[in-house]
């Protein structure tokens with residue numbers, strides 16, 4: 001079974017590993033692919049994303065995952081959302 005288009009990979013990498021990977025790429029110690037293979041990272045795109053985000057902000061940025069928690073949307077907003085979709 002191969003990788004399907006749009007397939008999601010959930011792997012939590014430590015900040016230490018992400019920092020090491022970014023450092024190796026920035027110091028020209030490998031390509032995205034070779035570094036991903038070396039550290040058993042699912043995809044070279046992950047390494048590319050980490051480096052791009054690091055260069056933009058000069059810090060390690062972790063991607064936020066998951067749904068918005070219920071307490072982050074108040075009940076009035078939820079009511080308005082439901083009302084909008086019921087009227088369609």
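The values are calculated or read from the model by the stated rules, or taken from the named source; none is laboratory data. Since we're looking at a predicted model, the values are computed, not measured. For neighbour counting, all protein chains shown are included, and Cβ atoms are generated from backbone atoms with ideal geometry for every residue, glycine included.
Suppose the filter is surrounded by fewer than 10 Cβ atoms within 10 Å (Cβ to Cβ), modelled with pLDDT of 65 or more and within 18 Å of the chain's Cα centre (by Cα); does residue 83 pass it?
For residue 83, the condition - surrounded by fewer than 10 Cβ atoms within 10 Å (Cβ to Cβ), modelled with pLDDT of 65 or more and within 18 Å of the chain's Cα centre (by Cα) - is not met.
Given the conditions (1) modelled with pLDDT of 95 or more; (2) in a loop (DSSP other than H, G, I, E, B), and given that residue 34 satisfies all but one, which numbered condition is not satisfied?
Residue 34 satisfies all of (1) modelled with pLDDT of 95 or more; (2) in a loop (DSSP other than H, G, I, E, B) except (2).
What about residue 54, is it surrounded by 14 or more Cβ atoms within 10 Å (Cβ to Cβ), at pLDDT below 90 and touching a helix residue (DSSP H, G or I) at 6+ places or on another chain (Cβ under 8 Å)?
For residue 54, the condition - surrounded by 14 or more Cβ atoms within 10 Å (Cβ to Cβ), at pLDDT below 90 and touching a helix residue (DSSP H, G or I) at 6+ places or on another chain (Cβ under 8 Å) - is met.
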